[in-house]
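Please read the structure below before turning to the comments.
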């Protein structure tokens with residue numbers, strides 16, 4: 001008799017989990033609280049298989065879950081949601097899509113977590129491994145379902161998996177061959193009650209590792225010692241000061257120290273990635289390459305050609321002497337600080353969105369010296385304004401297009417307009433990608449207006 005799984009949600013994770021379970025012979029039921037043309041289009045995308053599945057849309061009900069052998073949830077679903085509460089009452093096991101994918105994954109896994117820099121690092125790792133001839137598959141929080149990717153993985157593939165704290169909360173047997181812990185700062189207090197709960201979720205990345213596995217840690221992170229004492233695998237470090245078996249920076253050059261022997265990897269002058277935070281991301285990626293025996297020349301070539309990611313400190317345009325940078329992926333105060341510090345010019349910051357319980361006062365330390373003005377959008381406008389009052393000029397905008405215009409009017413030749421919101425995008429946009437695209441469209445439209453002086457405001 002077929003086992004039955006209920007998948008909660010029809011997002012990327014839910015679709016991937018459903019496809020994997022169906023392929024593995026499970027009876028699949030999907031419950032989605034939203035009923036919209038987009039949801040119905042996703043159901044239609046299953047094709048003929050949809051007729052063999054059962055769907056509940058526009059609501060969640062206890063009866064739909066009753067009798068299931070397993071509930072698979074997406075990272076966005078909260079513990080207090082109806083399906084997860086009912087599953088607990090009915091004693092039905094609940095796992096995340098990441099745990100499900102792992103149970104059917106034949107390949108080695110490189111898992112990357114941290115508050116900031118995950119997407120840049122997993123992309124760079126994927127490029128290094130591919131350049132060395134590996135079948136490297138990048139997925140997870142970066143936008144592709146791990147569960148769905150397992151359907152095409154081979155034993156000699158390498159999965160490079162970006163993981164958020166939400167994706168690590170409900171794992172059970174998940175065991176990466178390499179776990180990378182980039183950094184840890186306050187984040188997602190809208191979901192985690194305090195820093196301890198957030199750290200515990202992140203620490204699950206090491207939970208099942210053994211001595212034959214690897215952990216890569218940030219030597220300079222303030223939570224380093226707390227993380228280190230809970231690890232059972234072999235450990236490599238990145239950051240200064242240099243230690244045995246590490247990657248570190250010395251006199252403008254990244255080195256790796258293998259068994260006490262330093263080897264030069266690349267000069268920072270040859271990198272397109274900017275900022276100290278990106279140097280650390282690069283060092284973490286280099287250590288993964290070291291574990292997989294990628295030669296230094298190959299890693300150097302990839303590092304020198306890597307331009308970074310869309311929506312992460314992405315150069316958009318320059319006109320009127322003003323540069324526009326899209327850092328829409330910045331959803332934390334710390335990531336915004338990193339972006340601001342990577343710019344050696346006066347900055348007009350566009351910030352705001354849905355607050356994740358962040359402490360925006362952390363920006364005060366650099367706001368007075370680095371920010372010419374802040375233009376605020378979204379639900380968190382008043383909170384940011386209150387917490388940064390007195391640090392610099394502040395303006396409020398009706399929408400992102402208005403924010404771009406206000407920022408341009410506040411800028412002078414040589415300044416940078418930076419979208420680095422410090423907040424989630426869901427108050428005004430579908431996701432951070434949508435927010436970044438709207439920003440770029442507004443910049444391009446403003447540039448076109450400024451080609452006709454009568455349409456462009458003077459500054």
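The values are calculated or read from the model by the stated rules, or taken from the named source; none is laboratory data. Note that the structure is a prediction, hence the values are computed from the model and not measured. Cβ coordinates were reconstructed from backbone atoms using ideal geometry, including for glycine residues, and neighbour counts include every protein chain displayed.
Just to be sure before I move on: is residue 266 free of Cβ contacts under 8 Å to residues at least 60 places away in the same chain, in contact with a helix residue (DSSP H, G or I) (Cβ under 6 Å, 6 or more places away or on another chain) and over 24 Å from residue 335 (Cα atoms) in the structure I sent?
Details: free of Cβ contacts under 8 Å to residues at least 60 places away in the same chain: yes; in contact with a helix residue (DSSP H, G or I) (Cβ under 6 Å, 6 or more places away or on another chain): yes; over 24 Å from residue 335 (Cα atoms): yes.
The answer is yes for residue 266.
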- [ ] Of the numbered conditions (1) modelled with pLDDT of 90 or more; (2) in contact with a helix residue (DSSP H, G or I) (Cβ under 7 Å, 6 or more places away or on another chain), residue 312 fails exactly one; give the number of that condition.
- [x] (1)
Open item on the list: Suppose the filter is part of a helix (DSSP H, G or I), in contact with a helix residue (DSSP H, G or I) (Cβ under 9 Å, 6 or more places away or on another chain) and either buried (at least 19 other Cβ atoms within 10 Å of the Cβ) or in contact (Cβ under 8 Å) with a residue 12 or more places away in the chain (or both); does residue 199 pass it?
Closed with: yes
Open item on the list: Quick check on region 264-287: of everything there that is modelled with pLDDT of 95 or more and over 22 Å from the mean Cα position of the chain (by Cα), which residue is surrounded by the fewest Cβ atoms within 10 Å (Cβ to Cβ)?
Closed with: 264
Open item on the list: Quick test for you: out of 293, 304, pick the one residue that is in contact with a helix residue (DSSP H, G or I) (Cβ under 9 Å, 6 or more places away or on another chain) and at pLDDT 90 or above.
Closed with: 304
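Hey, could you check region 111-135 for residues that are in contact with a strand residue (DSSP E or B) (Cβ under 7 Å, 6 or more places away or on another chain) and assigned to a loop (DSSP other than H, G, I, E, B) and say which is modelled with the highest pLDDT? Break it down into steps so the answer makes sense when it comes.
Going residue by residue through region 111-135, those that are in contact with a strand residue (DSSP E or B) (Cβ under 7 Å, 6 or more places away or on another chain) are 111-114, 118-119, 121-123, 125-126, 129-130, 134-135.
Next, from what is left, pick out any that are assigned to a loop (DSSP other than H, G, I, E, B): 114, 134.
On the way: 114: 91, 134: 98.
By that ranking, first place goes to 134.
Looking at region 142-169, which of its residues are buried (at least 22 other Cβ atoms within 10 Å of the Cβ) and assigned to a loop (DSSP other than H, G, I, E, B)? Steps first, please.
Going through region 142-169, the residues buried (at least 22 other Cβ atoms within 10 Å of the Cβ) turn out to be 145-147, 150, 158-163, 165, 167-168.
Listed by number, the residues that qualify are 145, 163.
Got a sec? Which of 351, 339 is modelled with pLDDT under 95, under 20 Å from the mean Cα position of the chain (by Cα), buried (at least 16 other Cβ atoms within 10 Å of the Cβ) and closer than 16 Å to residue 327 by Cβ? So that I can check it myself, show each step before the final result.
Details: 351 fails: modelled with pLDDT under 95.
Result of the check over 351, 339: 339.
Of all residues in region 202-226, count the ones that are in contact with a helix residue (DSSP H, G or I) (Cβ under 9 Å, 6 or more places away or on another chain) and modelled with pLDDT of 80 or more.
Residues in region 202-226 being in contact with a helix residue (DSSP H, G or I) (Cβ under 9 Å, 6 or more places away or on another chain) and modelled with pLDDT of 80 or more: 14 in total.
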TODO: Check off (1) in contact with a helix residue (DSSP H, G or I) (Cβ under 9 Å, 6 or more places away or on another chain); (2) under 23 Å from residue 316 (Cβ atoms) for residue 410 and give me the number that stays unchecked.
DONE: (1)
- [ ] For region 100-110, name all the residues that are surrounded by fewer than 23 Cβ atoms within 10 Å (Cβ to Cβ) and assigned to a helix (DSSP H, G or I).
- [x] 103
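Out of the helices (runs of 4 or more DSSP H) lying entirely within region 7-81, which hold 2 or more residues that are in contact (Cβ under 8 Å) with a residue 60 or more places away in the chain and on the phi < 0 side of the Ramachandran plot? Can you show your working first?
Details: elements: 12-23, 37-45, 62-65.
Of the helices (runs of 4 or more DSSP H) lying wholly inside region 7-81, those with at least 2 residues that are in contact (Cβ under 8 Å) with a residue 60 or more places away in the chain and on the phi < 0 side of the Ramachandran plot span 12-23.
Within region 220-230, how many residues turn out to be in contact with a strand residue (DSSP E or B) (Cβ under 7 Å, 6 or more places away or on another chain) and surrounded by 19 or more Cβ atoms within 10 Å (Cβ to Cβ)?
Going residue by residue through region 220-230, those that are in contact with a strand residue (DSSP E or B) (Cβ under 7 Å, 6 or more places away or on another chain) are 224, 227-228.
Applying the additional criterion that residues be surrounded by 19 or more Cβ atoms within 10 Å (Cβ to Cβ) yields 227.
Summing the residues that are in contact with a strand residue (DSSP E or B) (Cβ under 7 Å, 6 or more places away or on another chain) and surrounded by 19 or more Cβ atoms within 10 Å (Cβ to Cβ) in region 220-230 gives 1.
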Open item on the list: What's the total number of residues in region 320-350 that are touching a helix residue (DSSP H, G or I) at 6+ places or on another chain (Cβ under 6 Å), within 17 Å of residue 310 (Cα to Cα) and assigned to a strand (DSSP E or B)?
Closed with: 2
